[in-house]
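Structure, as structure tokens:
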2 protein chains.
Amino acid sequence: MTQASQTIARLSASSVDFDQALDTLLAWEGVSDREVQTRVDDILSEVRARGDDALIEFTGRFDRLSVSAMSELTLGRARLEEAYHAISDDQRDALDQAAERIRAYHEHQKPTSWQYTEADGTMLGQKVTPLDRVGVYVPGGKAAYPSSVLMNVVPAHVAGVDDIVMVVPTPDGVLNELVLAAAFVAGVTRVFTIGGAQAVAALAYGTESVPRVDKIVGPGNIYVATAKRAVFGQVGIDMIAGPSEILVISDGTTPADWLAMDLFSQAEHDEDAQAILVAWDDAHLDEVLESIERLLPTMEREAIIRASLEKRGALIRVESAAEAVTLINRIAPEHLELSVAQPDAWLDQVRHAGAIFMGTYTAEVLGDYCAGPNHVLPTSGTARFSSPLGVYDFQKRSSLIQCSAEGADRLGRVASVLARGESLTAHARAAENRLKS
Amino acid sequence: MTQASQTIARLSASSVDFDQALDTLLAWEGVSDREVQTRVDDILSEVRARGDDALIEFTGRFDRLSVSAMSELTLGRARLEEAYHAISDDQRDALDQAAERIRAYHEHQKPTSWQYTEADGTMLGQKVTPLDRVGVYVPGGKAAYPSSVLMNVVPAHVAGVDDIVMVVPTPDGVLNELVLAAAFVAGVTRVFTIGGAQAVAALAYGTESVPRVDKIVGPGNIYVATAKRAVFGQVGIDMIAGPSEILVISDGTTPADWLAMDLFSQAEHDEDAQAILVAWDDAHLDEVLESIERLLPTMEREAIIRASLEKRGALIRVESAAEAVTLINRIAPEHLELSVAQPDAWLDQVRHAGAIFMGTYTAEVLGDYCAGPNHVLPTSGTARFSSPLGVYDFQKRSSLIQCSAEGADRLGRVASVLARGESLTAHARAAENRLKS
């Protein structure tokens with residue numbers, strides 16, 4: 001059923017082996033093998049036991065930075081502001097605009113405290129409080145993305161988190177001024193130029209110089225992901241991200257060249273990234289393939305894009321728009337581009353997607369940078385149960401209960417019956433103490 | 001500084017070694033040792049590979065249930081309804097009232113979809129969707145609590161989850177009718193009488209008979225907790241709970257006998273449970289200790305309570321109410337009882353607590369059963385970053401973006417600058433495609 005193309009697989013949803021082929025295409029498991037696990041465990045215990053000394057040692061070993069004190073691996077707001085002024089006017093302006101839009105969007109997400117009082121005077125409610133301190137991991141080297149700084153930090157800032165600590169490895173001491181400028185704009189309090197599992201350990205346990213945080217967010221390599229999973233419980237973590245993916249649904253209204261570039265923009269991340277386009281018109285699929293093949297040689301990242309499309313990309317022919325909807329909900333894509341004339345009409349039926357980009361003009365990349373919604377999104381089908389990173393990830397709730405004497409009597413009778421049914425008699429007697437005799 | 005008491009430690013916050021003593025008291029790490037890990041990994045792979053056959057085999061081995069088909073380990077709504085009619089009128093009435101109150105409270109938690117349109121016609125928003133299917137783990141044997149069924153299932157039902165699957169081990173085939181009745185009241189779709197890591201595996205991967213779910217919630221032993229941690233990512237999970245704890249702040253307005261019973265109701269859960277009372281009046285602390293020692297011999301679970309109080313309990317003397325607040329936020333307790341005359345006045349200063357019980361009449365146990373708020377709460381200090389289980393745990397969000405031609409032009413210019421700053425030229429060109437020329 002797979003028509004072999006040099007460039008990208010073509011599948012038909014009506015083939016008998018389509019289900020199997022789709023499962024294979026989507027399959028992804030971010031496995032940390034036993035060796036990575038052991039190395040990470042060692043690093044975590046070293047940092048936990050020896051604090052700054054271990055941090056300095058690991059940073060010397062992994063990032064080839066020879067320092068004698070943590071102060072040499074620390075940048076304050078003044079240094080971040082310097083970076084903000086050092087970048088080009090265009091870049092500063094773009095960062096400002098992006099941050100402002102992200103901030104405005106996230107303001108809409110703020111949950112609020114609430115309470116209500118019942119007839120007998122009993123009050124029930126929920127109180128929302130920001131986390132005290134958050135750690136943001138920012139990858140160094142090639143994948144150092146200022147946009148990622150904005151997307152991880154701004155929601156924490158909007159949530160009201162007082163202290164936002166960023167860690168970013170700087171192999172060989174190379175600082176990325178754009179990343180530091182983004183940290184300044186977003187509201188980072190201070191930066192430690194450390195990375196890897198050792199940075200995660202420092203944030204989770206605290207050291208003499210690095211304060212313990214309440215939650216760690218941000219993407220990282222397999223060592224970072226493994227470390228985050230290990231410290232989960234000690235601190236909160238965001239989701240463990242898989243490779244980035246896009247599912248484009250096209251009814252033919254968007255130019256094929258635009259669609260090809262939208263697929264490329266996903267594929268250029270890395271070879272594991274996944275770009276899939278679905279349509280119900282063969283001629284349109286031919287057209288998109290033609291665009292892909294024509295435009296591919298013009299891309300700076302041609303090799304990565306080609307590898308990604310070959311390995312994990314697909315053009316899928318469905319019978320109808322309805323079948324496309326079924327496919328969307330089965331894949332639960334991170335990014336869904338509804339490149340159709342009437343995207344509104346689709347919305348009700350889309351149950352699972354991290355972010356939905358509606359209509360011809362809404363390129364997914366606008367969401368990556370500056371539309372406003374977060375670009376940290378659930379990958380690998382986890383949109384079935386996860387949400388975009390948001391303000392709600394940096395706040396938590398406390399239940400409130402205040403019983404009147406009347407309420408304690410009414411509720412105590414119910415509690416007493418249930419507690420005795422569970423053989424928890426201290427529970428029952430604690431309730432019975434407050435009954436009216 | 002610790003005045004040794006037969007029954008419970010007495011600490012003073014002004015002692016020089018108090019910080020150290022408190023850290024020791026609070027220390028808790030739920031470690032799965034290498035052996036548990038290996039056994040769980042094996043069970044997970046077996047169920048993943050062999051489905052129902054493996055489930056039947058493990059259930060035979062661990063729960064001593066000899067069955068030949070999964071249908072013998074499956075209970076439908078009709079069987080649950082039978083249980084509902086079989087329990088006593090008092091119990092049925094108590095379950096109904098508790099479920100109704102829990103439902104009413106959780107209705108207040110429902111997040112709503114929202115969107116807004118900017119001047120140039122660009123629409124941004126967020127769409128809230130319930131999960132499709134949820135799995136609820138309910139421990140079997142001694143710790144089979146109907147209240148836990150209500151607390152885990154009702155929020156999912158309120159969230160709009162269509163299919164709520166419950167698993168509960170029934171060692172030697174013993175069913176708990178109260179648990180089944182609670183499942184009926186709460187809205188469980190069907191029950192599988194399986195447990196342990198094998199039940200978690202079945203819910204995470206699906207078998208011929210057990211459908212794959214999107215999220216697994218509910219408490220369990222170390223095997224269940226280890227399995228949940230391992231499948232996290234494949235499915236969503238709730239938090240991994242530690243032992244239950246209470247922190248009572250008392251200004252002396254609540255009778256000492258009531259306070260003692262409130263502490264007992266926490267301690268009777270198990271020997272690792274933690275009950276701490278804080279006051280700034282020595283005479284009052286003496287009084288509470290006297291109540292504890294007098295009432296302890298009258299308790300059915302005296303041995304467990306005694307072990308818990310000895311091992312993990314404490315009466316702490318602070319200098320002032322202000323110092324008590326500091327202690328609250330440092331401990332970030334699961335349950336906080338503000339047994340004080342003016343609990344309202346404390347609320348603003350309490351930053352970290354799972355649930356706050358305000359005033360003399362608000363026994364913590366009312367929250368365990370029927371006040372309305374959830375009794376699944378963050379333990380071991382995780383209230384610093386986690387919330388009570390709620391409707392929001394059974395829904396997820398999708399970002400919405402629909403750019404007008406104007407908006408695509410405006411945003412595309414910003415995205416292009418930032419993408420080129422990140423050397424992602426396919427991103428830049430995808431944005432530039434939509435610019436007005």
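The values are calculated or read from the model by the stated rules, or taken from the named source; none is laboratory data. As the structure is a computational prediction, the values presented were derived from the model and not from experiment. Here the Cβ is made from the backbone with ideal geometry for all residues, glycine too, and neighbour counts use every protein chain on show. Note: accessible area is taken over every heavy atom of the protein model, side chains too, but ligands, DNA and RNA are not part of it. Shrake-Rupley method; radii C 1.70, N 1.55, O 1.52, S 1.80 Å.
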With springs only between Cα atoms under 10 Å apart, run a GNM on chain B and tell me which of B:306, B:410, B:384 wobbles the most.
-> B:410
Keeping all protein chains in position, work out how much accessible area residue A:425 exposes to a 1.4 Å probe, and write it in Å² to the nearest 10.
-> 10 Å²
Heavy atoms of residue B:157 accessible to a 1.4 Å probe, total area in Å² rounded to 10 = 80 Å²
Among A:202-209, B:116-123, what's the highest-first ranking by average C-beta atoms within 10 angstrom per residue?
-> A:202-209, B:116-123
Solvent accessible area, Å² - residue A:420, 1.4 Å probe, full protein context | 110 Å²
Report, in whole Å, the centroid distance computed from the Cα atoms of the stretch B:299-329 and the stretch A:16-47.
-> 43 Å
Largest to smallest accessible area among A:251, B:286 [probe 1.4 Å] | B:286, A:251
Quick one: length gained pulling residue B:96 to residue B:175 fully straight, 0.36 nm per residue minus the C-alpha distance?
-> 26.4 nm
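For the protein assembly as shown, give the magnitude of the charge dipole about the Cα centre (Cβ charges: +1 Lys/Arg, -1 Asp/Glu; no others), in debye to the nearest 20.
0 debye
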Hz values of 3J(HN,Hα) by residue in the stretch B:157-174 - Karplus curve (6.51, -1.76, 1.60), Gly and Pro given as x = 5, 4, 5, x, 5, 6, 10, 10, 9, 10, 10, 8, x, 10, x, 6, x, 7
Inter-label distance, nm, simple model (7 Å from Cα along the C-beta direction), residue A:89/residue B:78 = 7.9 nm
To the nearest Å, what is the center-to-center distance of the stretch B:345-406 and the stretch A:115-178, using C-alpha atoms only?
-> 18 Å
At 7 Å out from Cα toward Cβ: residue A:16 inter-copy label distances (nm, ascending) = 8.4
What residue among A:180, A:263, A:11 has the largest mean-square fluctuation in a Gaussian network model of chain A, using Cα springs under 10 Å?
-> A:11
On the formula 1/(1 + (r/R0)^6), with r taken between the Cβ atoms of residue A:298 and residue A:272 and R0 of 25 Å, the FRET efficiency rounded to 0.05 is 0.60
At residue A:297, with labels set 7 Å past Cα in the Cβ direction, how many nm apart are the copies from this one, shortest first?
-> 9.6
Protein accessible area in the protein assembly as shown, 1.4 Å probe - carbon and sulfur % | 48 percent
Enter the mean number of other protein chain beta carbons within 10 Å of the beta carbon of each residue in A:384-397, as an integer.
-> 6
So what J values fall out for the stretch B:265-273 if you push phi through Karplus, 6.51 cos²θ - 1.76 cosθ + 1.60 with θ = phi - 60°, rounded to Hz, Gly and Pro as x?
-> 5, 7, 5, 6, 4, 5, 5, 8, 4
Cα centroids of the stretch B:198-274 and the stretch A:191-246: how far apart, whole angstrom?
-> 25 Å
Cα-Cα over 27 Å, subset of A:110/B:228; B:215/B:311; A:215/A:311; B:228/B:396; A:396/A:436 | A:110/B:228; B:215/B:311; A:215/A:311; A:396/A:436
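Answer rounded, prolate or oblate for chain A, using the Cα gyration tensor with square roots of eigenvalues a ≥ b ≥ c: rounded when a/c is under 1.5, else prolate when a/b is larger than b/c, else oblate.
Oblate shape, in that a/c is at least 1.5 and b/c is the bigger or equal ratio.
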Per-selection Kirkwood Rh - the stretch B:1-150 (Cα, Å, 1 d.p.) = 22.6 Å
How long is the gain from residue B:28 to residue B:115 if the chain were fully straight, where each residue apart is worth 0.36 nm and the alpha carbon distance is subtracted?
-> 27.0 nm
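With +1 assigned to the C-beta of every Lys and Arg and -1 to the C-beta of every Asp and Glu, and no other charges, what is the dipole magnitude of chain A about the Cα centre in debye, to the nearest 20? Don't skip to the answer; put the middle values down first.
On the way: 38 positive and 62 negative charges, 442 e Å.
Taking the Cα centre of chain A as origin, the dipole is about 2120 debye.
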Per-residue HN-Hα couplings for the stretch A:53-62, Karplus 6.51 cos²θ - 1.76 cosθ + 1.60 at θ = phi - 60°, whole Hz, x for Gly and Pro?
-> 4, 5, 4, 5, 5, 5, 5, x, 5, 8
What are the extents of the Cα atoms of the protein assembly as shown along their three principal axes, listed from largest to smallest and rounded to whole Å?
-> 86, 65, 52
